[in-house]
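Let me begin by presenting the structure, written as structure tokens, before commenting on it.
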Amino acid sequence: MVQKNKNLNSRVLLGRLKQALAEQGEAQARLNEIVKLIASSMKSEVCSIYLKRADDIMELYATEGLLSKAVHYSQLKMGQGLVGRIAETAEPIKTSNVAQKKGFVYLPETGEEKYKSFLGVPIQRLGKILGVLVIQNLLERKYSDDDVYGLEIVAMVIAEMAELGVFTATDDKNKLGQERQIPFSTFGLIGKEGVALGTTVLLEPSIKITNPVTDNPILEKQRLNSALKKLKNTLGEGIGRKYATKQKGEFLEILETHKVLIEDKGWLNRMASSIDNGLSATVAVEKEQTAIKARIAKVKNYYFRERLNEFYEISNSLLKIMTKQKVTLKLNTIDKPILIARNIGPLELISMREHLNGLILEEGSVGSHTTIVCRALNIPLVIQAKSLIERANHGDKVILDGDKGVVHLRPEKEIIGSYKSKLAMRDKAQKSFLALRDQNAISVDGVKISLMINAGLMEDLPSLADSGAEGVGLYRTELQFLIRNTVPKRAEQARIYSKVLDSARGLPVFFRTLDIGSDKILPSISPEIEPNPALGWRAIRLALEKSSVLKMQAQALIRGARGRDLSIVIPLVTKPSEFDQAKGIILTEIAREKSRKRLIPKSIKVGAMLEVPSLAFSTKSFFKSVDFIMVGGNDLKQFFFAADRENEKVRRRYDMLSTSFLSFLKLINKKCSQFNLPLSFCGEDAGKPVEALVLSSIGFRCLSMQPNCIGPVKALLRSVSLSEVSSLVERSIEENIETVRPTMTNYLARINKYHVQIPNSSE
């Protein structure tokens, strides 16, 4: 009975707030009426509303009980005082003796010295702090959990109204919501290099709720239950239809997990309680989503973060159903669209690729599937760009600088002008690179370097002819698997490989067998729970365990070759026996195809990727059995320096041009020369002009890179003497210099060739 009365009291207060908000009048008058109502209802002498300005200052916008002269005068920085701390942490603070509370800051203009008790809660919406709501009492008062919850309910309504601009005065220079109009810049992480100027497109525009309060809890609960039922049905049908395969056990498990989450009693009870207290069903869901987002930011444990993220996405789906929100992105009608999203899957990204000019994510990782696909499609990407969605509108001008990992939203004219000049210079350079397309990369002293492209999707292959590359130095077969929800069948794989060879028109193509595990997980293979996946059960280790997958891929490659030359490279070989097993499976499948009178490749070459330092010290028998060596620079550098590729604190700390790493690469080159083995280098460093120059100078005669890197690399190689560069590198090694980068920078500046280091552009 007590709880029922509390609910009734709460609904009465929210009803009065709704009435006050609906009345015509100035924003200040509405705020003044609201604090009076809250103070009276909460049996407090003081109620104050602090709102967050565009400059991150918490300003007192209205008060009942404090001195009126403090309104729009009293200000606190984020983290300053109890109000600032609430805004910073997004957590309530309560105390019966505020003067003794750590962090308390006394504002003399408020006259608050006589009030002992303090309760403050954040005014927030989906992780965005809009302000702080405070009540104070003259006497010592121990605020209960019910008091906190009741004030949070009120704060949620205020948040919804603030987001709609109800409290914004027309002449207020620091008005709420101004962050959606003023210029804003934020730093993230580099996902894919490139610069793009364009128009903002939000994947999920913010949901506007015009009526956050209800006077009919029964009807609102029915709305919630109806939406939950629809979500369950949609989820069940969708997953059942999408993953109705032989391996559906895992997907049924996923489905059941989501069903359990949807039926979580704690989650459901909290939403029901919010409705009982007067919130509409939509705001009740949003209140839970807001709380979840705040918790996600604080949780470090990966498992719990993922579980909370699942709750967040379920809440988001529920809101879309309840608000009947349907997002249709017509990218072809937008001038240079740049997509902004919390996160996005590779499948959805692939469907947008034709029109997308760039991608900005608030989450994401360097090694995610989406990042991999962006690199393959040459789409500039910045990840972990915080606080962007809450500040962006559809149609805003935006600059994505993937070279530096920075985003400029609604940029000033000066910034736009600077980037346009930068892009104009790049366009000019690209035209000069295009003129070299049909010419070989031959140095001034007559050394020829073969430049090839990395590929993994059919969309990459037109770049082969456009770039002037001499073939596909690395075709990453796993990308065709990662962008699908099911494993492509053997016949489908064979068709893909055949099309790749058709597109190459006689130029060499090196197919890498599935490099999965670690950050690349297939839907048909349950990931191993490992403390360090990069060093764990992945690539050839996993393929040999799942030998049926490797056999099927070998069959598909053999049939896709259709009598042409076939080159296959085995990833992450650590010891000779792994290579021997993999090569044995491939040769067995060729023999089996031959015995069945099927067409077999004209020639077969099986090589190994040298990504693990130990392989460079293998036995003579290994180097005699392998047909070629391909250095996988990305993984090799990670293992050589013990620097995680996905850890921003260390991944850029170690220089590929360090003399220790170059000495190791020289050893690999010497070993391959000894056995007359073809040697190539692939990875992001191969596409950087200076790094490519140094690699060529120490003996690498074949480099594989992103298609748009061919031009800058070729231009530099054709303008210098490799023997000169080789002498500089040797001298640096002999003199124990840590890195040759300063030496190369000075050398290129001296011969006036440093300008060719033009970063990649998507413009």
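Overview of values
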{"read-out": "Potential extension, GLN181-LYS413 segment - 0.36 nm per residue separation minus Cα distance", "value": "82.0 nm"}
{"read-out": "Cβ-derived FRET efficiency at R0 56 Å, LYS77 paired with SER663, nearest 0.05", "value": "0.60"}
{"read-out": "Rounded to whole Hz, the Karplus (6.51, -1.76, 1.60) HN-Hα couplings of region 728-733, x for glycine and proline", "value": "5, 5, 4, 5, 4, 5"}
{"read-out": "Where labels lie 7 Å past Cα in the beta-carbon direction, separation of ASP580 and ASP502 in nm", "value": "4.0 nm"}
{"read-out": "Potential lengthening between ALA465 and SER226 on full extension [0.36 nm per residue; Cα-Cα distance subtracted]", "value": "80.5 nm"}
{"read-out": "Electrostatic dipole magnitude of region 2-176 [Cβ: Lys, Arg +1; Asp, Glu -1; Cα centre; debye, to 20]", "value": "400 debye"}
{"read-out": "Peptides 221-228, 371-378 ordered by average Cβ neighbours within 10 Å, highest first", "value": "371-378, 221-228"}
{"read-out": "Added length on full extension, which subtracts the Cα-Cα distance from 0.36 nm per residue, GLU23 to VAL650", "value": "220.0 nm"}
{"read-out": "Equivalent ellipsoid dimensions for region 64-146 as semi-axes, Å, which come from the Cα gyration tensor, largest first", "value": "19, 17, 12"}
{"read-out": "Projected label distance in nm at GLU738 and SER144, using a 7 Å step from Cα toward the beta-carbon", "value": "6.3 nm"}
{"read-out": "Protection proxy ranking of 316-322, 729-735 - average other beta-carbon atoms within 10 Å, highest first", "value": "316-322, 729-735"}
{"read-out": "FRET efficiency, 1/(1 + (r/R0)^6) with R0 22 Å, evaluated for LYS330 and SER421 via beta carbons", "value": "0.10"}
{"read-out": "Theoretical FRET efficiency, 1/(1+(r/R0)^6), r = Cβ-Cβ of LYS404 and ARG541, R0 30 Å, to 0.05", "value": "0.25"}
{"read-out": "Of LYS428/LYS499; LYS221/LYS320; LYS52/LYS649, those spanning more than 25 Å from alpha-carbon to alpha-carbon", "value": "LYS428/LYS499; LYS52/LYS649"}
{"read-out": "GluC sites (Glu not before Pro) restricted to DSSP loop in region 371-416 with at most 12 other C-beta within 10 Å", "value": "GLU412"}
{"read-out": "Chymotrypsin sites (Phe, Trp or Tyr not before Pro) restricted to region 77-168 and DSSP loop, no more than 13 other C-beta within 10 Å", "value": "TYR106"}
{"read-out": "In Hz, Karplus ³J(HN,Hα) per residue of region 378-395 (6.51, -1.76, 1.60; θ = phi - 60°; x = Gly, Pro)", "value": "6, 9, x, 9, 10, 10, 6, 8, 6, 6, 8, 4, 5, 10, 9, 10, 4, x"}
{"read-out": "Prolate/oblate/rounded call for region 387-519, Cα gyration tensor, a/c under 1.5 rounded", "value": "oblate"}
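Quick note: the coordinates plus some simple rules give every number you see, no bench work behind them. Computed from a predicted model, the values in this text were never measured in an experiment. Positions of Cβ are backbone-derived with ideal geometry, glycine not excepted, and every protein chain shown enters the neighbour counts.
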